[in-house]
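The values are calculated or read from the model by the stated rules, or taken from the named source; none is laboratory data. Everything numeric here is computed off the predicted structure, so don't read it as measured data. Reconstructed Cβ throughout: ideal geometry from the backbone, glycine too, with neighbour counts over all protein chains shown.
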Amino acid sequence: MRRLLLAVGLAAASLPAQENAGRSTPTRPGGAPPVAAPTAPKAAPKAVAPAGPAKPAPRAAAAPKSGEGKIPAAGAYVGAREISRVLKAASTWDAGKKQLTLTVANRRFVLEAETREAEFDGVRVFLGAPAEIRQGELAISKIDYLRLLTPAVRPGQGAGKPPGLKTIVIDPGHGGRDTGKVNARLRVLEKEMTLDTARRLKVLLEAKGYRVVLTRDDDRYVELTDRPAVADRVDADLFLSLHFNAVEADVERVTGVEVYTMTPQHQLSANRQPDDQVAVHNPGNFNDHWNAVLGFAVHRDLLAALKVPDRGLKRSRFAVLRLARCPAVLIEAGFLSNDAEAARVATQGYRQQIAVAIAAGVRSYGAALAQARANR
Ligand SMILES: [Zn+2]
């Protein structure tokens with residue numbers, strides 16, 4: 001577990017304060033949000049006030065493609081014995097490191113007390129609330145157990161009918177007057193990198209037989225709320241939003257990949273948005289389970305292919321994830337603020353590698369859906 005411990009040390013030193021809230025404050029983040037009545041899974045998704053002017057979504061009243069059970073109370077925790085029994089996982093407890101390791105078919109899932117950071121099959125994953133010792137055993141928030149760990153360990157367990165996978169919407173971040181992140185020294189613009197990567201990914205996915213639609217195929221500005229609306233219009237099964245990242249400080253050191261899915265209701269995001277409303281059930285929350293299956297698959301395959309630092313699988317209420325009515329993921333494929341990484345991203349060869357890695361992630365997600373279907 002040397003790698004995880006090193007990563008934890010790094011995280012404590014460098015990640016935004018929000019991610020480490022559980023480590024340094026006495027109040028558990030998951031316990032803070034007020035508990036509101038959850039929206040019934042079969043009901044029409046609750047309308048949310050969009051950030052800007054928006055056309056009404058064409059499928060606003062349509063039922064979501066896959067149902068989810070009721071969200072548990074934010075303060076509810078579930079212990080190691082129950083987790084390993086239900087997930088049929090072998091478990092070992094390291095009292096010194098306060099780490100619980102669950103093993104399923106040679107894949108290891110490591111949970112550590114007093115931190116939100118976990119390791120799933122070799123990659124970093126951020127829980128919505130820190131793991132704790134309760135009644136003498138490690139316990140995690142029931143929301144993390146049902147909406148993150150279970151989908152990763154046993155795709156489809158307790159989640160209803162798996163969604164299809166035929167039409168894929170790729171969303172190249174930014175465009176037009178919105179350049180996104182910029183490396184001025186090297187003249188690398190995020191909006192150009194995302195569009196080119198999206199076009200490459202489209203070719204790869206179409207070759208695999210998927211129907212692929214881009215939210216923009218030229219240098220134009222598209223409102224955030226109009227991007228998931230494209231997915232609605234074409235009845236998409238999957239929404240992939242492509243971005244590149246930047247930091248203000250520590251540009252020399254911060255590189256690598258991070259992958260985001262929608263934050264479950266009543267949980268804190270890794271990077272809290274200014275308008276983060278933890279009590280609201282958003283359209284994106286109808287797919288909490290499949291979002292986690294998708295995010296885990298894409299994050300793992302990106303890291304395996306690119307061999308860059310692992311910034312973690314995280315959750316955030318980004319507008320495109322909040323409003324997506326199909327499983328959705330937002331990929332930050334590299335840091336343009338780091339000159340070496342920006343120079344690599346600026347090459348066609350590296351963008352092709354990124355596209356190939358995301359396509360592999362889509363294939364892994366498809367395999368997880370097939371496994372879930374077979375287990376029903
Ligand atoms: Zn971006």
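Pull up segment 235-254, narrow it to residues that are away from the ligand (no atom under 16 Å from the Cβ) and farther than 21 Å from residue 213 by Cβ, then point me to the one that is surrounded by the most Cβ atoms within 10 Å (Cβ to Cβ). Result: 251. Considering segment 256-273, the residues that are farther than 24 Å from residue 169 by Cβ and more than 16 Å from the ligand (Cβ to nearest atom) include one that is surrounded by the most Cβ atoms within 10 Å (Cβ to Cβ), namely 266. Any residue that is at negative phi, in contact with a Gly (Cβ under 7 Å, 6 or more places away or on another chain), charged (D, E, K, R) and not in a helix (DSSP H, G or I) - is there at least one of those in segment 288-308? No; the residues of segment 288-308 include none that is at negative phi, in contact with a Gly (Cβ under 7 Å, 6 or more places away or on another chain), charged (D, E, K, R) and not in a helix (DSSP H, G or I).
Exactly one residue out of 246, 270, 279, 231 is touching a residue at least 12 places away in the same chain (Cβ under 8 Å) and closer than 26 Å to residue 206 by Cα: that is 231. Within the span defined as segment 144-155, one or more residues are surrounded by 23 or more Cβ atoms within 10 Å (Cβ to Cβ), touching a His at 6+ places or on another chain (Cβ under 9 Å) and assigned to a loop (DSSP other than H, G, I, E, B).
Selection of segment 343-376 for residues being under 20 Å from residue 201 (Cβ atoms) and among the small types (Gly, Ala, Ser) yields 346, 349, 355, 357, 359, 360, 361, 364, 366, 367, 368. The residues listed here are 140, 133; of these, the one that is over 21 Å from residue 260 (Cβ atoms), among the β-branched types (Val, Ile, Thr), outside the structural domain of residue 349 (by TED's automatic domain parsing) and more than 16 Å from the ligand (Cβ to nearest atom) is 133. Among the residues of segment 179-215, those identified as within 16 Å of the ligand (Cβ to nearest atom), under 21 Å from residue 246 (Cβ atoms), touching a residue at least 40 places away in the same chain (Cβ under 8 Å) and not in a helix (DSSP H, G or I) are 180, 181, 182, 183, 188. Among the residues examined, residue 81 qualifies as more than 24 Å from the chain's Cα centre (by Cα), in contact (Cβ under 8 Å) with a residue 40 or more places away in the chain and over 30 Å from residue 326 (Cβ atoms). Of the set (1) farther than 17 Å from residue 169 by Cβ; (2) under 10 Å from the mean Cα position of the chain (by Cα); (3) surrounded by 22 or more Cβ atoms within 10 Å (Cβ to Cβ), all apply to residue 291 but (1). Look at (1) assigned to a loop (DSSP other than H, G, I, E, B); (2) closer than 27 Å to residue 341 by Cα and you find that residue 320 fails only one, number (1).
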